[in-house]
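**Q** A single structure is presented below for examination.
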Amino acid sequence: MSGNKQISKKKKVELREICEWVGYGDRVMDLGCGRGILLAELVNLKNVYALGVDSDFGKILRAVKRGVNVMHCDILTALKTFDDNSFDWIICSNTVSELENPKEIVEESLRVAKRVVIGFVNYGFWYNRLYLLFKGGRTVNKIYQKGWDSARPANQISVNSFKEFCEANDIKINRKHFLKGNWRAPCKFMPNLFAGYALFEISKK
């Protein structure tokens, strides 16, 4: 199975969970919305007011074809154009791992929206640890498909390190959902070690 197909399966599971969290008619912004798949589904299922943000013009065109409103700019610039609590939700799905300024983005998101969804690949997953122990480097697999010399910068976030970040910055974790290494089945035991993907709903304390 290719990495793209693996990620698509994860997206379907993630979407189901986010749909349970988001209310009917809510205002939702998706940071790094890509092709607009998640927002288009939320519009269809929950009749949300949707706005995407992405810097990739090719992906934006595909989002627009899906009927999604999109801002073509960097994430921080987009966030700074909005007043406090302009949205009910901001979704940051598998985006924080690629940001140069993740702390500032999270803080601005919590200003602009009442609740923020953060999703990320759990770098504390047991396989990544074993690979580092025995190979001495970052995992190269279906998710991390490229070596360090050709991959984009990546913040290696684990479940525990994100919890510690929230505690240190007075951020409240309202809900969380973890997926096993197959990115489909829920992970309910020792997620920092056995979860392949993590999803958090956060807000200001």
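The values are calculated or read from the model by the stated rules, or taken from the named source; none is laboratory data. Predicted model only: the values in this text are computed from it and were never measured. We place every Cβ from the backbone using ideal geometry, glycine too, and count neighbours over all the protein chains shown.
**Q** Which residues, counting only those in the range 60-82, are of a type in the set (A, V, I, L, M, F, W, C) and surrounded by fewer than 20 Cβ atoms within 10 Å (Cβ to Cβ)?
**A** Within the range 60-82, Leu61, Val64, Met71, Cys73, Leu76, Phe82 meet the criteria.
**Q** Would you point out which residue out of Gly58, Gly67 is among the small types (Gly, Ala, Ser) and in a helix (DSSP H, G or I)?
**A** Gly58
**Q** Follow-up question, since we're still on this one. Quick one: what pairs do we get from the range 179-205, first residue on the phi > 0 side of the Ramachandran plot, second surrounded by 19 or more Cβ atoms within 10 Å (Cβ to Cβ) and of a type in the set (Ser, Thr, Tyr), C-beta under 7 Å, 6+ apart or different chains?
**A** Pairs that qualify, where the first residue is on the phi > 0 side of the Ramachandran plot and the partner is surrounded by 19 or more Cβ atoms within 10 Å (Cβ to Cβ) and of a type in the set (Ser, Thr, Tyr), are Trp183/Tyr197.
**Q** On to the next question. How many of the residues in the range 16-51 are assigned to a helix (DSSP H, G or I) and over 17 Å from Asp88 (Cβ atoms)?
**A** The qualifying residues number 4.
**Q** Out of all the residues in the range 154-177, which are crowded, with 19+ Cβ neighbours inside 10 Å and of a type in the set (Asp, Glu)?
**A** Hits for the range 154-177: nothing passes.
**Q** Scan (1) at pLDDT 80 or above; (2) within 21 Å of Ser109 (Cβ to Cβ); (3) surrounded by 12 or more Cβ atoms within 10 Å (Cβ to Cβ) for the single condition Lys180 breaks and write down its number.
**A** Exception for Lys180: condition (2).
**Q** Name the single residue, out of those in the range 83-97 being assigned to a loop (DSSP other than H, G, I, E, B) and either free of Cβ contacts under 8 Å to residues at least 40 places away in the same chain or touching a Gly at 6+ places or on another chain (Cβ under 6 Å) (or both), that is surrounded by the fewest Cβ atoms within 10 Å (Cβ to Cβ).
**A** Going through the qualifying residues, I end up with Asp83.
**Q** Let me ask another. Which of the residues spanning the range 78-129 are modelled with pLDDT under 95, over 16 Å from the mean Cα position of the chain (by Cα) and of a type outside the set (Lys, Arg)?
**A** Result: Gly124, Phe125, Trp126, Tyr127, Asn128.
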